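Down below is the structure, laid out as structure tokens.
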Amino acid sequence: MTVPIAKLSFWGVRGSTPTVDPATWRYGGNTPCLELIAPDGTQIILDCGTGLRMLGSRWAAPNGGKAPGTHILVTHYHWDHIQGIPFFSPLYVENNEFHFYSFRSKFLGRDSLKQVFEAQMAMPYFPVDMSAMSARRKFKEMDGGDSFTVGENKITARWLNHPQGCLGFRIETPAGTVAYATDNEPGDAKMDESLRELAAGADILINDAQFTPEQLETTRKGWGHSSWLEGVKAARHAGAKTLVLFHHDPDSTDRMVDSILRQAREEFDSVFAASEGMVITIGAPGDPVQAHMPGTRTALRREAQFRAKVCGVTEGGKDFEEETVVRDISLQGALISLKHLPRLQSELQVTMEAPGADGVQSMNLRGYVVRIDEGPEKGHVAVGVVFTD
Ligand SMILES: [Zn+2]
Ligand SMILES: [Zn+2]
């Protein structure tokens, strides 16, 4: 019997508005869009931020075209969660079928999401109107507490605390459970309970981590967002196994997200900061949650050989120091062969010896672990780092 495995891809992780600032490229600048492929091939898309365009450009029909359509859950109607819709190319292809789920907004009334489509594509905001979208589209309304099944998977919605309302979703698949709780502010007893229900025993809790705990208490109180600390508390309380910090503030540089992640990891064992291109597999034997980072972002090209000393933290949290050879190097990053298994999204100190005009020179760089693959030699892993200095 094959083991059921689900695959969760992050296409957009930024909150509020897209960013193209180079200081934010490592975590990514597209607004919320996630894709979950359940073990039975059911394709579920969470939110339609600008990340949806990327998903569309790498489009693969669900289950090789055998599954009856794609299911798209929209949490709410703020720009950052709907802005990718007109740019999602599969909507313009005749044989595709999409089932959209969202709530009836009191500001829009019946068919809220359909109205959002029409408004976004009305002239003069967009050059073509809805009639150009030839894919089949079905719209369903959901309310907090509603649930339905698609294939072998159960989807439940709950209200979260956010201006003009926002739904959180819990998706139970045979491989494991994912709770998606973006755009929510703690402090409302009823909605805090909703969050716990969504996240109860979940394998993955994706929680809003836009602000620092200090901001959340002071200048950003009432803005409808959360912090890494509140995410840790919620994960602990609900017994969620892995926490993913999500909806990064557009003003948060990669360095700031690094620091947020570091603090969260001091308080909770399994935490990742959502990163554009990151893929998490759920249900693999021996390691129920595995994260992978995108390879394309770290163009590793130069063939070279540098002796290097690497200091870092292992996956188990222990400090290590190792002498090795750096094989591929570019200005952005390097591929390093190591016997130790460093933690994904942790920092390595890489000291390299490079031949210079006055003999061998020592070069100190800070590398951030973006990927880990099987190494070329037995007992080694190939660690991709991006230099952050
Ligand atoms: Zn948002
Ligand atoms: Zn919002």
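Any read-out appearing in this document is the output of simple, stated calculations on the displayed coordinates, not a laboratory observation. Everything numeric here is computed off the predicted structure, so don't read it as measured data. For neighbour counting, all protein chains shown are included, and Cβ atoms are generated from backbone atoms with ideal geometry for every residue, glycine included.
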Give, as ranges by residue number, the residues of segment 317-354 whose backbone N falls under 20 Å from the point 7 Å along Cα→Cβ of S259. 345-349
Label point distance in nm, E94-K106, each placed 7 Å from Cα along Cα→Cβ: 4.5 nm
What are the residues whose amide H is under 5 Å from the amide H of N161, where those residues sit 5 or more places off or on another chain and H is modelled from the backbone? E185
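Within a Cβ distance under 11 Å of H99, other residues only, what is the Lys/Arg minus Asp/Glu net charge?
Overall, the nearby charge balance is +3.
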Starting at the first residue of segment 211-218, write each ³J(HN,Hα) from the Karplus equation 6.51 cos²θ - 1.76 cosθ + 1.60 with θ = phi - 60°, in whole Hz, x for Gly and Pro. 10, 7, x, 5, 4, 4, 7, 10
Taking amide H atoms as placed 1.01 Å from N in the peptide plane, list the residues 5 or more away in sequence, or in a different chain, whose amide H sits under 5 Å from that of L348. G367, Y368, V369
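In segment 74-137, which chymotrypsin sites (Phe, Trp or Tyr not before Pro) are in a loop and have at most 16 other Cβ atoms within 10 Å, using DSSP for the loop call?
Here the sparse-neighbourhood loop sites are F107, Y125.
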Given H placed 1.01 Å from N in the peptide plane, which residues other than close sequence neighbours of F100 have an amide H under 5 Å from its amide H? I72, K138, F139, K140
Sequence-separation-based contact order of the chain, relative, with Cα cut under 8 Å and 6+ spacing, percent: 12 percent
Label point distance in nm, T149-M123, each placed 7 Å from Cα along Cα→Cβ: 4.8 nm
At R0 = 41 Å, how high is the FRET efficiency between W223 and L341 if r is their beta carbon distance? Nearest 0.05 is fine. 0.55
If I model a spin label as a point 7 Å beyond the Cα along the Cα-Cβ vector, how far apart are those points for Q115 and M130 in nm? 1.2 nm
Sequence-separation-based contact order of segment 1-138, relative, with Cα cut under 8 Å and 6+ spacing, percent: 19 percent
Sorting V369, P186, L8 by the position of each Cα along the dipole of the chain (Lys, Arg +1; Asp, Glu -1; all at Cβ), the one nearest the positive end of that ordering is L8
